[in-house]
Every structure is written in C-alpha cells, then in structure tokens.
C-alpha cells in the first residue's frame with residue numbers, strides 16, 4: 001500500500017493524460033485531498049502552461065499553484081545532467097515532492113512525454129524518480145498500430161527494465177489497442193513472470209480523442225475568427241480540401257468535417273452554408289478560408305443571413321500549407337472541453353477494473369463523503385441499475401447538452417419530449433453526438449389519447465371533463481408524468497423552462513405519495529469541500545406541523561442513506577435539548593419524538609435527536625457542552641429545519657457565503673420520482689438531477 005502513484009509511459013502518444021484523468025477521478029471519489037505532480041515537463045512557450053497540469057488542475061479544481069505541481073523542464077534536466085548534476089535534479093524533485101506530501105492524502109505523479117530523441121534516457125529518469133520517491137508505477141503502454149506480438153514484446157521490455165531498476169509495478173494499461181488484439185495481449189502478459197501480481201488491462205483506440213475543436217484548430221493556425229465564436233467547441237473528425245468544382249465537392253461533405261478552401265471560393269462557402277440547413281447532407285464542423293482572402297460584401301451579407309452557421313476562420317497561408325498543418329496537429333484534451341473529458345472518464349471506467357485498482361493503490365480509507373466522491377458515486381449507482389428517465393423539455397438546449405453527457409457516461413436511458421425535427425435540428429446546430437435516444441412528440445403520439453382517457457378516469461370524481469383532460473395532456477409535464485405513472489419511464493425531470501408548480505402539480509395529482517407518508521417534501525445536498533450534508537425541507541412546505549415535520553425527517557434520512565450518506569438527523573430549533581420553551585421549540589420536540597417512533601416502528605434504525613441549534617449539530621466542542629449524551633450532536637449529516645422561512649434562507653446563506661454547491665431541490669415522498677429544475681439551472685445541474693432521479697427510482 002502507498003500514498004502515491006507514478007504514471008509512466010513506454011513511449012510518446014501513449015495516452016498518459018487519459019489514464020491520469022481516470023486515476024484522479026477514481027481517487028477523488030474516496031479521498032478528500034488528492035494532489036498532482038509532474039517532476040519533469042516539456043518546455044512551453046512564455047505565458048503557456050503544461051497541458052496535462054492545466055487539464056488536471058481545472059477538472060479537479062486543485063488549489064496548488066502551477067509552480068508547486070512541476071519542478072523542471074526536460075531541457076533543464078538535460079543541461080544539469082550534462083554538467084554532472086544528476087543528483088541535484090533528483091534531490092530537488094524529492095524536496096519539492098516532500099513539500100506536497102504532508103498536505104495530501106494521496107499524490108498522483110505523471111512522467112515525461114517522450115517528445116525528445118532520447119527516449120531511453122527518459123525511461124531511465126522516470127524509473128529513477130519513481131524509485132527515489134517510493135512510488136509504485138502504473139505503466140502505460142502504447143499499442144497504436146501494433147499487432148499483438150509487437151505489443152507484448154515492447155511491454156515486456158518496459159516491465160523488465162523497470163524491474164531491473166528496482167521499481168514496483170502495480171499495473172499495466174495497454175492503451176490505444178485494436179480490440180481484436182486485446183484478449184491475446186492480456187492472456188500472454190498475465191501468464192508472464194514479469195507481470196505477477198499486476199493488474200493488466202486494455203483501453204481501445206478511440207478516434208474521437210484525436211478530434212480537435214475548432215478553437216484548437218484556430219489556435220494552432222493562428223487564425224482569425226470571422227464568424228461563429230459561440231460554436232468554437234465543435235469537434236473536427238477530418239478535413240476536406242475544397243479545390244474542385246462544386247458538384248464534386250458536394251459529394252465529399254461528411255459529418256463534422258473541416259472545409260479548407262481559398263477565401264475567394266464564394267460558391268464553396270455558400271454551398272457549405274446551404275448544407276447546414278439541408279436535411280440531405282451531413283453537418284460540417286467549420287470552414288477555413290486560406291490565402292488571406294475574404295468574401296466580398298455581397299457574399300458576406302448572404303452568408304450572415306443563414307439561420308444556422310458554423311465557425312469561419314481566416315488564415316494568410318495557402319490551402320496546401322494549411323492542410324498540411326492541420327494534418328500534423330497534435331491534439332491535447334482541452335481542460336474546458338467538457339464533452340471530451342466526460343468521454344475519457346467513461347472510456348476509462350468501462351475498460352479498467354476501477355474497484356480492484358482502487359483497492360490496490362489506496363492506503364487511506366475514509367467514510368467522509370466528499371463532493372467529488374458524491375458525484376462519482378451518483379454515476380456509479382445510476383449505472384449499476386440503469387433507469388429510464390423522461391425529460392419533459394426536450395427542445396431546451398441545456399437539456400440536450402446534458403443528455404449528451406449522460407449518454408456518454410452510460411448512466412441512464414432517456415426519452416425527450418418535443419417536436420422531433422426541432423430537436424434534431426438543435427442537436428445538429430449544437431454539434432452534439434446524440435444517436436440512441438427516444439424522442440416523443442406528445443401532440444402526435446399514439447399515447448396522447450390513451451393518457452388523456454386515463455387521466456380523465458383518475459380525476460373525473462373531482463369534476464374533470466374529457467376536454468380538459470385532453471387539454472392537460474398537451475402539457476409535456478402531464479404527458480411525462482403519465483409515462484412515469486404507466487411504467488414507460490422510471491422518473492421525470494422538468495423545470496428548466498417551466499415553474500415548480502407546473503412540474504409538481506401533475507405528480508401530486510397522478511403519482512401521489514408513498515404509504516406512511518402524507519407529504520411531499522424536498523432536500524438539498526450541500527456540497528462542502530470535505531463533506532456533503534443534507535438540508536430539508538427548504539423548498540416545498542411553508543409551515544409543517546409536528547407530524548409532517550417528523551415525516552420530512554424520515555424521508556430526508558432515507559434520501560441521505562440512498563445516496564451513501566449515513567443519516568444522523570438533527571431536528572433544528574432555536575434552543576438545544578430541554579433548555580428552551582415556546583410553541584416553535586415544542587413543535588420540534590414533538591416532531592423528534594414522532595420521528596423516533598416512526599423509525600422504530602418501521603425498523604429503519606435512524607439516529608434522530610432534537611431540538612438542537614445548528615452549532616450544536618455540527619460542532620463537536622459545542623455539542624460536548626450543550627448535548628454531551630447525544631449520538632447526533634456534533635456530527636449530524638441531515639438537518640431538518642422547522643419551517644420554510646428558516647430552511648430556505650439558511651441554505652441560500654450557506655450556499656452564497658461559503659461558496660458551496662447546493663444540489664436540489666430533490667423531491668421526496670412520491671411513489672415514483674419526479675424532480676424540478678430551477679429555470680436558471682446549468683447543464684451540470686441537469687446532469688446531477690437526472691442521476692439523482694434515476695437512483696431514487698432504484699430505491700423506490
């Protein structure tokens with residue numbers, strides 16, 4: 001067991017950054033403080049940073065400075081070693097590493113990039129560093145365009161070299177492999193004496209990881225952006241030089257292609273614009289105009305009038321030079337390329353035995369639920385028993401972007417409600433990769449009349465007419481709720497462009513509450529830097545009575561437990577224990593007794609105590625003074641507020657003052673899960689809410 005890990009590659013373009021991302025995600029799901037350190041980086045231009053450090057620091061919000069996460073450039077190391085100062089290099093790296101190690105539970109180290117002509121020397125110095133820092137090695141072997149025999153030979157050679165240098169290899173990942181070579185390669189390596197006790201696994205070659213964004217192309221070419229600045233995150237699958245006549249060029253338009261053409265080819269430029277609104281052509285990623293030429297004003301006015309436009313770049317060089325430059329691009333994972341980062345994490349989790357690897361390398365275990373661990377476990381739990389969630393607002397762009405991320409992580413199955421052509425056009429315009437997804441237009445669906453009749457039967461005793469039932473089912477929230485009610489979906493999410501009442505009302509009318517619970521309530525997951533706490537009810541019930549407050553406490557505890565947070569429930573009030581009197585504190589005291597009775601009767605084994613003040617609930621020192629015998633005080637994880645005024649203001653005050661993420665409101669108490677988004681929600685909010693809804697349906 002160790003508190004560090006050294007990720008070392010066998011050669012250039014092995015895909016260390018993919019492995020580093022996956023390892024960091026895995027570790028952050030268990031440990032609250034994970035550091036990242038690259039002893040030796042490549043020389044970078046003034047003002048630039050090492051791509052891998054920038055990627056990891058951005059993705060995992062690391063607080064260490066850039067200077068703290070690196071030590072030397074490779075050029076500096078070469079110069080020092082040539083002067084006989086190799087020991088100085090190693091000592092300086094050890095010194096800088098030691099400054100970090102006491103601040104973190106675990107440190108991931110990443111080796112050199114092999115971008116020089118001295119690959120053998122780089123391999124040796126990686127081995128030297130890992131050995132001197134006491135780091136076990138995770139070897140990353142490059143299998144790109146190699147057959148099984150070549151992969152096995154080169155990987156064994158690297159293993160043997162590391163063993164001879166006294167390094168401990170805990171695992172080897174064969175990256176960028178042709179899937180047809182995977183079984184043979186793993187079998188031979190696992191049966192080799194060199195790999196005894198190692199974890200051996202493979203990651204297949206994925207062309208998508210080599211697709212640059214238009215922004216990366218623009219940066220690489222030093223291009224001027226003429227149009228489409230908001231769409232520079234589109235990915236480019238390949239490039240097409242348009243130097244032929246138009247009828248021949250049209251045959252070569254492919255999905256996500258980058259069109260390279262002289263800037264005076266108005267026919268090609270206009271044809272590209274037309275292809276974007278034609279249903280008969282694939283959607284290109286962008287256009288590069290060469291030769292420093294730009295369209296004339298009349299052509300430019302025509303181009304700007306198209307409703308859907310892709311980025312247009314301009315460069316001074318000629319077409320051939322630009323085509324060669326694009327073809328030679330080295331594509332790094334952009335720290336802000338959320339789609340590709342999620343794709344990488346999904347690829348890693350799909351191919352690597354994460355639980356086994358985690359068990360092998362982590363020496364410190366903790367039961368603290370950190371925000372990263374909470375997010376990671378949401379994905380794992382949702383994926384473990386995949387559920388089908390209907391998104392009522394399928395035409396909303398934030399919903400579509402979140403849907404792509406959810407499908408990338410293979411966490412849920414989805415149905416979008418809305419006009420299919422409108423949705424497909426937006427998917428194309430946004431450059432999203434959404435293929436296998438069900439789209440239902442409620443207004444033309446065969447289910448429309450069936451749902452309306454069913455809704456009428458449910459509510460006719462309340463005076464509902466068939467006409468009003470038909471009218472209600474034109475509302476996507478009602479249609480989605482009926483899908484959940486009928487078992488055609490396991491849960492529903494709405495609210496990005498509709499009010500809370502519009503989302504919740506159909507659920508209360510149709511799905512209704514679970515047995516033993518008369519009230520629908522909500523919780524927020526409050527993500528502090530070192531823990532996740534549960535606050536309820538902060539969004540639904542203005543002034544619950546004692547019985548309702550007890551039910552909210554039980555529902556909140558069960559919600560916390562479903563998401564991996566051991567519930568220790570604090571019933572909050574303005575006094576702690578028996579010290580206070582008055583109607584408000586008496587309500588909380590009665591609710592505490594009722595909640596304990598419900599827990600006991602249902603065999604739930606939930607720790608509940610109150611009334612207590614917030615400081616008594618969270619601070620062990622205060623708890624020792626005010627409620628020393630309580631099993632909840634000082635270590636509460638679930639906080640039940642006496643009314644909506646207190647709860648809503650408290651969660652917002654904590655959220656804004658402490659700068660934390662508040663996930664919710666998460667509705668609870670319904671027979672089947674329905675969750676409401678705020679109209680200001682982000683893509684990340686939607687992503688998380690859908691995962692939560694899926695997990696709720698598992699526990700329901």
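Any read-out appearing in this document is the output of simple, stated calculations on the displayed coordinates, not a laboratory observation. Just so you know, these numbers come straight off a predicted model, no measurement behind them. Here Cβ is always computed from backbone atoms with ideal geometry, including for glycine, and neighbour counts include all displayed protein chains.
Label sites at residue 330 and residue 601, each approximated as a point 7 angstrom past Cα along Cα to Cβ, lie 6.8 nm apart.
Over the range 263-310, all Cα pairs binned in 10 Å intervals from 0 give whole-percent P(r) values of 26, 57, 16, 0, listed from short to long. A straight chain from residue 99 to residue 81 at 0.36 nm per residue would run longer than the Cα-Cα distance by 4.1 nm. Stokes-Einstein diffusion coefficient for the range 214-327 at 10 °C in a medium of 1.306 mPa s, Rh from the Kirkwood formula over Cα pairs: what value in µm²/s? Result for D is 116 µm²/s. Once you divide the Cα radius of gyration of the range 648-700 by 2.2 N^0.38 Å, the number left is 1.24. Apply the a/c threshold of 1.5 to the C-alpha gyration tensor of the range 528-590 and tell me whether it is rounded, prolate or oblate. In terms of gyration-tensor shape, prolate.
According to the Kirkwood relation over distinct C-alpha pairs, the hydrodynamic radius of the chain is 28.6 Å.
Sorting 28-34, 155-161, 600-606 by average packing, meaning the other beta carbons within 10 Å per residue, from highest down gives 28-34, 155-161, 600-606. Computing FRET efficiency as 1/(1 + (r/R0)^6) for residue 46 and residue 385, where r is the C-beta to C-beta distance and R0 is 56 Å, gives about 0.60.
Report the Stokes-Einstein translational diffusion coefficient (µm² s⁻¹, integer) for the range 477-592, Rh taken as the Kirkwood radius over Cα pairs, at 20 °C with viscosity 1.002 mPa s. The Stokes-Einstein estimate is 132 µm²/s. Principal axis extents of the Cα atoms in the range 169-278, from largest to smallest and rounded to whole angstrom, are 64, 28, 22. Over the C-alpha atoms of the range 356-478, the Rg to Rh ratio, Rh being the Kirkwood estimate, stands at 1.15.
Using r as the Cβ-Cβ distance of residue 358 and residue 293, and R0 as 56 Å, what FRET efficiency do you calculate, to the nearest 0.05?
Plugging the Cβ-Cβ distance into 1/(1 + (r/R0)^6) gives 0.50.
Expressed to the nearest 5 percent, the antiparallel share of DSSP beta bridges inside the chain is 20 percent.
Taken along its principal axes, the alpha carbon cloud of the range 518-669 reaches lengths of 37, 34, 28 Å, longest axis first.
D for the range 275-409, whole µm²/s, Stokes-Einstein with Kirkwood Rh over alpha-carbon pairs at 4 °C and 1.567 mPa s: what number? This corresponds to a translational diffusion coefficient of 65 µm²/s. Each of 492, 329, 526 was scored by other Cβ atoms within 10 Å of its Cβ. Arranged with the fewest first, they read 329, 526, 492. In this simple spin-label approximation, residue 306 and residue 279 carry label points 7 Å from Cα along the Cα→Cβ vector, and these lie 1.9 nm apart.
Dividing the radius of gyration of the alpha carbons in the range 1-57 by their Kirkwood radius gives 0.98 for Rg/Rh. Relative to the 2.2 N^0.38 Å rule of thumb, the range 609-700 has a C-alpha radius of gyration ratio of 1.31. With 27 Å as the cut-off, how large is the P(r) tail for the range 100-243, expressed as percent of Cα-Cα pairs? For the range 100-243, the fraction of Cα-Cα distances above 27 Å is 42 percent.
Note on the range 4-208: the alpha carbon radius of gyration divided by the globular reference 2.2 N^0.38 Å gives 1.00.
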